[in-house]
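The values are calculated or read from the model by the stated rules, or taken from the named source; none is laboratory data. Predicted model, so just to flag it, every value in this text is computed and none were measured. A quick note on method: Cβ atoms are made from the backbone with ideal geometry, for glycine too, and the neighbour counts reach across all protein chains shown.
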Amino acid sequence: MRKVIGMFVLFLCLLLTGCGKEEAQYCDIVSEEQPFSEIGVGKAYFLNMQFYKGEPVQIWAVQESAKINLYLYKKDGSREILLKDVPEYYASGYGYVDNEGNYYRWNSGGSLSKTDTSGKRLFSRKLSEWGMGIIIKRLCQAADGKLYVLYYQADGGGFNQLGILDSSTGELAKVSNAVSSLSVSNQIGADKEGLCYLREHGVEKVNVEAGHVEELWPFNGTTYHYEYDWEYPVWDFLIRDDGSLELLRADIKGQNGIIETLRKEPVGEGKRY
């Protein structure tokens, strides 16, 4: 396994000494990159890279014997069937698998559909807001089962918006508060409790109901630099129970995939880079 270790200053944490005084100790980030295996098949179409039940996977549509099958590929190159013998148009657009194995498919035309594990279509609809088409950018399922949607209007104006998807009907409800508008570089992900944002200045925990965010992984003022790259984006991210942050990256065709893991480590009192 290829490892790339980089030390970056993340934040100043306060540790309590034995005499009851607060003593400053700096913490760094250890960054480790693990390659995601190339799928090594013939005619295939990349649909997404995500965490599925906590495991990093890629979704591919693969043509086999004149049929299109959808697969979940794991980081070691193994795979499991998601949907068999689907229509040819499934080899386009984007997809997402929820924790129950249901498959959500959308395209740049604003259409969204849901298919269960048996291949039954549960809904198919055209999304719109105030008469204008909506294009989905990302889906993310939080620990409570809610499906959050990062989307923008088809006319290209404005910012990304946050919505909550009704998984039974496909209706999209916009979140209308202080956490609803996001820049084009923002991404949604999760921790063990709920929704998180990945921004260029760091990762934030989102309280959707209260309409505020809490900083978890600040990048500003450090040597760690996160920059949005549409040709090599972060497709999904997850904060693990141990506090580590995992980012899933690949190019827009699913190639050169990596799992980047960030961990916080103290480096000693008063030490700074």
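Please work out which residue is surrounded by the most Cβ atoms within 10 Å (Cβ to Cβ), limiting yourself to the range 169-185 and to residues that are touching a residue at least 40 places away in the same chain (Cβ under 8 Å) and polar (S, T, N, Q).
So, considering only residues that are touching a residue at least 40 places away in the same chain (Cβ under 8 Å) and polar (S, T, N, Q), the one surrounded by the most Cβ atoms within 10 Å (Cβ to Cβ) is S185.
For the range 239-259: of the residues being modelled with pLDDT under 95 and in a strand (DSSP E or B), which is farthest from P35 (Cα to Cα)?
Taking the candidates together, the pick is I239.
I'd like the full set of residues that are of a type outside the set (S, T, Y), modelled with pLDDT of 85 or more and either surrounded by fewer than 16 Cβ atoms within 10 Å (Cβ to Cβ) or closer than 14 Å to S128 by Cβ (or both), limited to the range 147-161.
Within the range 147-161, V149, Q161 qualify.
In the range 216-245, which residues are of a type in the set (D, E) and either surrounded by 15 or more Cβ atoms within 10 Å (Cβ to Cβ) or touching a helix residue (DSSP H, G or I) at 6+ places or on another chain (Cβ under 9 Å) (or both)?
The answer is D236, and nothing else.
Could you grab me the full set of residues in the range 186-197 that are surrounded by fewer than 17 Cβ atoms within 10 Å (Cβ to Cβ) and more than 17 Å from A210 (Cβ to Cβ)?
Restricting attention to the range 186-197, the residues satisfying the condition of being surrounded by fewer than 17 Cβ atoms within 10 Å (Cβ to Cβ) are 192-194.
Scanning the range 186-197 gives a single hit, K192.
Tell me which of these V213 doesn't satisfy, since it passes every other one: (1) closer than 19 Å to C140 by Cα; (2) surrounded by fewer than 16 Cβ atoms within 10 Å (Cβ to Cβ).
Unmet condition: (2).
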